[in-house]
Amino acid sequence: MKRIFNIAGPCIPGEHYLLPTLARCPEIGRLVESKQYFVIHAARQSGKTTLLNALADDLEKAGGHYALYCSLETVQGIGDPKEGIPAIVRAIQSSLFWHPVLKNVTLPEIDKSDYTTGLKMHLAHLSASVELPLVVLFDEADCLSDQTLITFLRQLRDGYVNRVRSPFPTSVALVGMRNIRDYKAKVRGDSDTLGTASPFNVITEALTLTNFTRTEITALYQQHTRETGQVFEEAAIDRADYWTCGQPWLVNAVARECVEKILDRDYSKPVTATLIDQAAEIILRRRDTHIDSLLAKLSEERVRRVVEPVILGKENTGSFLSDDTLYVLDMGILKQQAGALHPANPIYAEVILRTLSYDMQMRFERQVEQLPWLTPNGLDMNGLLKAFQQFWRENSESFTKGIQYQEAAPHLMLQAFLQRVINGGGSIVREYALGRMRLDLLVLFKDGRYPIEIKLKDQMKKPRDARAQLVEYLDRTGATEGWLVIFDRMTKKPWSRKISWKTEVSEGKTLHVVGC
């Protein structure tokens, strides 16, 4: 069978297209050779497990180490070390069963009730029973929580600092989505994180996996071309790079959607830029497990505190080193670029807003059953936004009540309204205008282009600046008519003063200023 683009679990050589994984994190070999303990952290489905499997295979083939891969996923949620440490020991024993040499090691029985030293003694006996240095690769290490995590780390540290006198693994890797600094653990009753690397302060480095470059995306897709003859056009690779920003799962997902679903494995047809765009839209609508699991994090309060200002176009006013910001960056939802926080890639940017406005969109089903704003030539955007003004006046309180992202509620409600109207016949291109206190939308319907800029009145310093920004947005989108929607959330101001409509011409362009 031909290899495939993998979107489920670690990549397997011979079955899946994959890049040399160790090249993405070349420092690992040096750390193992120098007998260091280290952390590898990266966002969900970035290739961490694939990396560990490749590392274990390379170490074994080189002949200088025994490498034990051990997943701690089964220990998730066990915060009491009296149960958690024995569960970790069982995970290690299960991993030994599949190792060609280590499975033959007979280990003495360890009192499982002694959870304070049981793990350390287990690793010490294992290290003493083999001729070669032992490297242990703990995957899903950030599944550990509370006192189980603390006890686990303390026993590793104790074994590390005393390994001159007592056998112990020469190198240990803790691998997961989070840096060790941010592993959730209640060290004290008022603390949500470890705060520092302590009590595992023997780590020398915390490494991360980078996304694929465009060159690497090309190399991955060329593997498929060599095996099947099917070509990825240069423009298609450009679009894949644009939509995914090199996120490994997404790079594979858009290619798989094109090759296996859209083209139905007809390798005689090339993969074009149009097909890549179509695949990205399908993934957006389908919300695969990877995207759902990632965006489930949006409901967490610490995530909202970081993501909501990005939606509103605010500059980051907090520290890039704050626990909340680092948490969101580690999850891979946002990225830091040019001194600001941005959605990690255009697919995530789109899904963030669609996810947060989805419930509203479903509630709009009855309200927008009649679509008088759809015309043979496109959209009657003036009529549509006037209808929204009335809908906002009558329903904003009930529709936004209980929404977690309260400050962004107007943005989400307008987008849900627009999305519901154009579903199946158009699309919305969203642009996070970071630092400009706005969100830009470009509604595409049939041959029409309808630029919309959303602002909150209390964030507008100079109304004239907002109009200038809209003119600049019209220039970039090639449109001559645009809409500036301004939400006034002053509860004491009467609706008669909030709802307004003014049309003006600026630099040859028609601007509609819509008050809500």
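The values are calculated or read from the model by the stated rules, or taken from the named source; none is laboratory data. Please read all numbers here as calculations on a predicted model, not as lab measurements. Here the Cβ is made from the backbone with ideal geometry for all residues, glycine too, and neighbour counts use every protein chain on show.
Checked against (1) closer than 22 Å to PHE388 by Cα; (2) of a type outside the set (D, E, K, R); (3) surrounded by 13 or more Cβ atoms within 10 Å (Cβ to Cβ), MET490 passes all but condition (3). For SER319, the conditions (1) modelled with pLDDT of 75 or more; (2) part of a loop (DSSP other than H, G, I, E, B) are fulfilled apart from (1).
Assess whether VAL485 counts as being modelled with pLDDT of 90 or more and in contact with a Ser or Thr (Cβ under 8 Å, 6 or more places away or on another chain).
So VAL485 fails the test.
Here TYR69 clears all of (1) within 29 Å of LEU220 (Cβ to Cβ); (2) of a type outside the set (Asp, Glu); (3) touching a Gly at 6+ places or on another chain (Cβ under 8 Å) except the condition numbered (3). Listed by first and then second residue, the pairs linking a residue in the stretch 217-236 that is of a type outside the set (A, V, I, L, M, F, W, C) to a residue that is surrounded by fewer than 19 Cβ atoms within 10 Å (Cβ to Cβ), with Cβ atoms under 6 Å apart and 6 or more places separating them unless they lie on different chains, are THR225/VAL231; GLU227/LYS2; THR228/TYR267; GLY229/TYR267; GLN230/TYR267; GLU233/PRO270; GLU233/THR272. Scanning the stretch 398-439 for residues that are at pLDDT below 85, of a type in the set (Phe, Trp, Tyr) and in a helix (DSSP H, G or I) yields one hit, PHE399.
Here is a yes/no grid of residues against (1) crowded, with 18+ Cβ neighbours inside 10 Å; (2) farther than 20 Å from ALA128 by Cα:
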{"residue": "TYR69", "(1), (2)": "yes, no"}
{"residue": "LEU72", "(1), (2)": "yes, yes"}
{"residue": "GLY77", "(1), (2)": "no, yes"}
{"residue": "GLY84", "(1), (2)": "yes, yes"}
{"residue": "ILE88", "(1), (2)": "yes, no"}
{"residue": "SER95", "(1), (2)": "yes, no"}
{"residue": "TRP98", "(1), (2)": "no, no"}
{"residue": "VAL101", "(1), (2)": "no, no"}
{"residue": "THR106", "(1), (2)": "no, no"}
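Here LYS269 passes the criteria (1) in a loop (DSSP other than H, G, I, E, B); (2) at pLDDT below 95 except the one numbered (2). Scanning the stretch 376-397 for residues that are touching a Pro at 6+ places or on another chain (Cβ under 9 Å) and not in a helix (DSSP H, G or I) yields one hit, ASP380.
Listed here are the residues, each with its yes/no results for (1) surrounded by 18 or more Cβ atoms within 10 Å (Cβ to Cβ); (2) within 15 Å of PRO309 (Cα to Cα); (3) touching a strand residue (DSSP E or B) at 6+ places or on another chain (Cβ under 8 Å).
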site	(1), (2), (3)
ASP330	yes, no, yes
ILE333	yes, yes, yes
PRO343	yes, yes, yes
LEU353	yes, yes, yes
ASN395	no, no, no
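Would you confirm whether any residue within the stretch 65-73 is touching a Cys at 6+ places or on another chain (Cβ under 6 Å) and within 20 Å of ALA173 (Cα to Cα)? For the stretch 65-73, residues touching a Cys at 6+ places or on another chain (Cβ under 6 Å) and within 20 Å of ALA173 (Cα to Cα): present.
Can you tell me which residue is farthest from ALA141 (Cα to Cα) among those in the stretch 91-114 that are of a type outside the set (Gly, Ala, Ser) and outside any loop (DSSP other than H, G, I, E, B)? Lay out the reasoning, then the answer.
Residues of the stretch 91-114 of a type outside the set (Gly, Ala, Ser): 92-93, 96-112, 114.
Retained after the next criterion (residues that are outside any loop (DSSP other than H, G, I, E, B)): 92-93, 96-97, 102-104.
On the way: ILE92: 13, GLN93: 16, LEU96: 18, PHE97: 20, LEU102: 22, LYS103: 22, ASN104: 26 Å.
Applying the filter and picking the extreme gives ASN104.
If you go through the stretch 463-473 one residue at a time, do you hit one that is modelled with pLDDT under 80, on the phi > 0 side of the Ramachandran plot, surrounded by fewer than 16 Cβ atoms within 10 Å (Cβ to Cβ) and not in a strand (DSSP E or B)? Among the residues of the stretch 463-473, not one is modelled with pLDDT under 80, on the phi > 0 side of the Ramachandran plot, surrounded by fewer than 16 Cβ atoms within 10 Å (Cβ to Cβ) and not in a strand (DSSP E or B), which makes the answer no. Considered as a group, the residues in the stretch 322-350 that are modelled with pLDDT of 85 or more and assigned to a loop (DSSP other than H, G, I, E, B) include one that is farthest from PHE212 (Cα to Cα), and that residue is ILE333. Kindly indicate the residue of the stretch 1-57 that is in contact with a Gly (Cβ under 8 Å, 6 or more places away or on another chain) and of a type in the set (D, E, K, R) and also surrounded by the most Cβ atoms within 10 Å (Cβ to Cβ) among those meeting that condition. So the residue we want is LYS48.
Among residues of the stretch 415-428 that are assigned by TED's automatic domain parsing to the domain that holds THR375, those with a Cβ under 9 angstrom from a residue that is acidic (Asp, Glu), sequence gap 6+ or separate chain, pair up as ALA416/ASP359; ARG420/GLU365; SER427/GLU281; ILE428/GLU350. Just one of the listed residues (THR503, THR491) is assigned to a strand (DSSP E or B), over 28 Å from the mean Cα position of the chain (by Cα) and among the polar types (S, T, N, Q), and it is THR503. Got a sec? Which of THR218, THR244, THR208, THR213 is surrounded by fewer than 14 Cβ atoms within 10 Å (Cβ to Cβ), hydroxyl-bearing (Ser, Thr, Tyr), under 27 Å from ALA43 (Cα atoms) and within 27 Å of the chain's Cα centre (by Cα)? When all the criteria are applied, what remains is THR213.
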